[in-house]
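Visitor: Take this structure first; my questions come after.
The values are calculated or read from the model by the stated rules, or taken from the named source; none is laboratory data. This structure is a prediction, so every number in the text was calculated from the model and none was measured. Using ideal geometry, Cβ is built from the backbone for each residue, glycine included, and neighbour counts are taken over all protein chains shown.
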Ligand SMILES: Nc1ncnc2c1ncn2[C@@H]1O[C@H](COP(=O)(O)OP(=O)(O)O)[C@@H](O)[C@H]1O
Ligand SMILES: [Mg+2]
């Protein structure tokens, strides 16, 4: 018997799924914000001339890049209360896991962008008597930012998709909302297809915006 | 006889070592106001390193640099100089540099490239910095390119912007490291002309160049660097036409197809 698609499971539970999508977006934006903040600090540490700063940053980055994200989610949700008596809400644990894990990736994006700026740019600035801080802010960072844009957007997309792991902590985001709907309707194919389409729509729209921004940036430099 | 011009920049017993390689092996150099010194020497003889030591882009391993009679840095008690970053920033505002690769800031328009340091380092107002930049761009014949992006310019035009950018700081000494070496041959002339124009205003300059013809007419003094030492120096007529040293002669012979 051929499968008969029936999307009424989705249409009847629209509000549940939409509020789940809202949860996904909030968690994503918060995770990106935390990731950027910690990642910038890590990148600065890795670029510093001091080994006592470089070494811990490198260790942190390697640890979180090379361990599975779901482990981080469980660690913050179940591990922290046991080890340190710190209890986080499902949102708090998911945010901590996402933010800290992505900080490792963002740090590498930032560092990569900065070291990709040619040595001659530093030298030209220094030869004009610019202080290091000013040189970094006015000359290096704007050029690095432009080169970071593409890998940065890619990392953000990865993070958005990783938020689905928060479902494992019963956090109300899109995937968890879908699981709830599926339990009630037993229509996994329709519901998860719609979940996929919602992710696709959001991320595709975001990628169009970022491509447009990048093109505008290039046009502004006459190339 | 007129009294000699004051000494602007001097280097005393400059040595520079990279790892285990001694690149400069004791260079003494006195630059007087208004002098135009051409530095010659084969590749790897330490010409760039010497220029970079003169504006402390590279910290000398030994020896001292003095600007306007004031020694930069202070002795560390072990025979070397200690330098303070802020002091070096100040020194570099007084010693300009033009690079072989131009090194314009690609994210800034031409005029912003020239305004950046007068505004951000010397603290000039926007109007002042703009006036300075417009004057310097006009001096190198690029007034009409003020709002262009560096990527839209030819190599020769980019290098002239780089010259304008350095001059916008009104440096006491301008260092030029092979300013025409990465240019297509047909673009060399316009850059050399811009540099020649600076001699009319009495600008003190040190230029590393392989353009012997240009050096002959432009320089007040020629310095031949070999193996990290000044092997020979003197007026262009002497060093280029009647070199005392065998190595200098052989170096110049390699350029005999160039007439001057
Ligand atoms: N930052 C550096 N680290 C190591 N070696 C260097 C560095 N800069 C220059 N050198 C070496 O010093 C020597 C002289 O270099 P340079 O001053 O650039 O010569 P030139 O400008 O006369 O061609 C070369 O052998 C070069 O490899
Ligand atoms: Mg060189």
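Visitor: For residue B:96, state whether it is assigned to a loop (DSSP other than H, G, I, E, B) and away from ligand 1 (no atom under 16 Å from the Cβ).
Guide: no
Visitor: Let me ask you something else. Can you confirm whether the range B:71-85 contains a residue that is within 15 Å of ligand 1 (Cβ to nearest atom) and under 27 Å from residue A:143 (Cα atoms)?
Guide: no
Visitor: May I ask you to verify whether residue A:49 is within 20 Å of residue A:91 (Cβ to Cβ), outside the structural domain of residue A:190 (by the TED database) and surrounded by fewer than 18 Cβ atoms within 10 Å (Cβ to Cβ)?
Guide: no
Visitor: Can you tell me which of A:157, A:136 is within 17 Å of the chain's Cα centre (by Cα) and surrounded by fewer than 19 Cβ atoms within 10 Å (Cβ to Cβ)? Explain how you work it out, then say what you get.
Guide: Working: A:136 fails: within 17 Å of the chain's Cα centre (by Cα).
Unique residue meeting the criteria: A:157.
Visitor: Please name all residue pairs, on different chains or six or more residues apart, with Cβ atoms under 7 Å, provided the first residue is in the range B:24-47 and is on the phi > 0 side of the Ramachandran plot and the second residue is more than 10 Å from ligand 2 (Cβ to nearest atom) and not in a strand (DSSP E or B).
Guide: Once the first residue is on the phi > 0 side of the Ramachandran plot and sits in the range B:24-47, its partners that are more than 10 Å from ligand 2 (Cβ to nearest atom) and not in a strand (DSSP E or B) give B:34/B:5; B:34/B:202; B:46/B:228.
Visitor: If I filter the range A:178-222 down to residues being within 24 Å of residue B:150 (Cβ to Cβ) and more than 24 Å from the chain's Cα centre (by Cα), which single residue comes out as surrounded by the fewest Cβ atoms within 10 Å (Cβ to Cβ)?
Guide: By that ranking, first place goes to A:219.
Visitor: Which count do you get for residues in the range B:150-190 that are assigned to a loop (DSSP other than H, G, I, E, B), within 12 Å of another protein chain (Cβ to nearest Cβ) and buried (at least 20 other Cβ atoms within 10 Å of the Cβ)?
Guide: Going through the range B:150-190 one residue at a time, the tally reaches 3.
Visitor: So which of B:40, B:51 ends up being within 16 Å of ligand 2 (Cβ to nearest atom), surrounded by 22 or more Cβ atoms within 10 Å (Cβ to Cβ) and within 14 Å of chain A (Cβ to nearest Cβ)?
Guide: After ruling out the rest, the residue left standing is B:51.
Visitor: Within the range B:138-186, how many residues are without any contact (Cβ under 8 Å) to a residue 24 or more places away in the chain and under 22 Å from residue B:212 (Cβ atoms)?
Guide: 2
Visitor: Moving on. Can we say residue B:65 is within 16 Å of ligand 2 (Cβ to nearest atom) and buried (at least 20 other Cβ atoms within 10 Å of the Cβ)?
Guide: No, not satisfied.
Visitor: Another question, then. Mind counting the residues in the range A:112-137 that are in a helix (DSSP H, G or I) and free of Cβ contacts under 8 Å to residues at least 12 places away in the same chain?
Guide: Count: 10.
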